[in-house]
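Nothing in this text is a laboratory measurement; each read-out follows from the coordinates by a stated rule. Small disclaimer: the values here were computed from a predicted structure and weren't measured. Quick reminder, even Gly has a Cβ in these numbers, built from the backbone with ideal geometry, and neighbours come from all protein chains shown.
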Amino acid sequence: TECRPDLYSYQSLIAAWSRTPLAGTAQKAETVLHFLDRVSNTTRPDLKPNVHCYTAAIHAWSHSWEYNKARRAYQILHHMRVVAELKPTIVAYTAVLNACKSPAEDIECEHAFQVARLVMEELRWDEHVQPNFLTYATFLHVVATTTYEDSEQREKIIRVTWREACKDGQVGCIVLENLRMAASNELYQELLGPVMKPDPVDGVPVVHLPFEWGKNVKGERMPPKRYVRFSLEQPVESSVREELRQVPEDWCRGGPYSKEKQKQAIYGLEDVSFTVDEDFGIYRRGMSA
C-alpha cells in the first residue's frame, strides 16, 4: 500500500513551523500552505487546506520578527475568507492582531496599526464570530506599541475598546494588564474610577470588577480577579518614533469595511488610516485615486 502524507500531515508541519523561533520559518509555513492550495486544485483535491492550516500559517507570522508580518498575516486571512471561502475563527482574527503588535521596525508601526483597525472593523461585521478577552487584550497591546502615547486618537480608541470589552463581559486579567500598558495614568483612572475604592488596611486604591465585566471570560489561565490593586506604573512604554506619532487631520466619514480597504491592507496602506469616535463611528482618511 502506498504511504503518502495526508492533509493532517501537512497541517502538523505548518503548525510545527509556526512554533519554531527561527528566521524564515513563517515563509516556510506559508510555502507549505501555498503548495496545498495549488495541488488541491489539480491532482490532490483531498489536500485542500482547512481553517486550521490557514490559522497555523497566520500564527507563524505572528510569532516571527520578520518585516511586514502584519501584512503577510492579513493576506492569509483575506485569502482564507475570500478565495478559499472558509469562515475564520476568532483564533485566526486574534492571530492577525498578534502579528500587528510590536512591529520589527518602527517604520512599520502605522501600517501595523491600520491592519489591526481593519481586523477589528471586520470582526464587527462578521456574524459568525465574537471577540473574546484575548482579542481585546491583543488589540490594546497593538495600540500600546504602534501609536503615539499622548494622541487624541489613541485615547478615543482605548475608550471604545474598553467599553466594548466591558459590554461583552470579556474583561480578563490580561485585558486589565494591557489596558494599563496602553492608557495614560489619567485615562486609566478615568476608566476604572467608578469601580475603585480605597483598601481599608493601607488606603491603596483597589479596583472592584463588576461580575458583568468578566462573565464571558473563558479559558484564561489565571481566573479573572474580582479586585486588583491600583498602580500608576506603566509596565511598557511605546518605542514609536516621534515622526510616526502624528495624527492625520484630514479625516472623512467612511462606511463599513470595503474591498478597497482590504486591498490597501494587502498591497499597502500608505494612503489610508482609521480612527474611532465616541459613538463607535468608523472614520478613515481620504485616499487618493
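Applying a threshold of 25 Å to the alpha-carbon distances of LYS167/LYS218; LYS156/LYS218; LYS69/LYS167 flags LYS156/LYS218; LYS69/LYS167 as lying beyond it. By the count of other C-beta atoms within 10 Å, a proxy for reagent exposure, MET181, MET80 are ordered fewest to most as MET181, MET80. Take each peptide in 167-176, 17-26, count the other Cβ atoms within 10 Å of every residue, and average; sorted highest first, the result is 167-176, 17-26. Spin-label model, ARG38 to TYR8: label points 7 Å out along the Cα-to-beta-carbon direction sit 2.7 nm apart. Under 1.5 on a/c is rounded, so check that first for segment 3-150, then, if it is not, pick prolate when a/b is larger than b/c and oblate when it is not; a ≥ b ≥ c are the square roots of the alpha carbon gyration tensor eigenvalues. Cα axes put segment 3-150 in the prolate bin. Counting other Cβ atoms within 10 Å as a rough exposure proxy, the listed residues ILE76, ILE157 run ILE157, ILE76 from fewest neighbours to most. Across segment 211-218, coupling constants 3J(HN,Hα) worked out from phi with the 6.51/-1.76/1.60 Karplus curve, θ = phi - 60°, read 4, 4, 5, x, 5, 9, 6, 9 Hz, and Gly and Pro carry x. Label sites at LYS156 and ASP46, each approximated as a point 7 angstrom past Cα along Cα to Cβ, lie 5.5 nm apart.
A DSSP coil position with no more than 10 other Cβ atoms inside 10 Å describes the following GluC sites (Glu not before Pro) in segment 1-66: GLU2.
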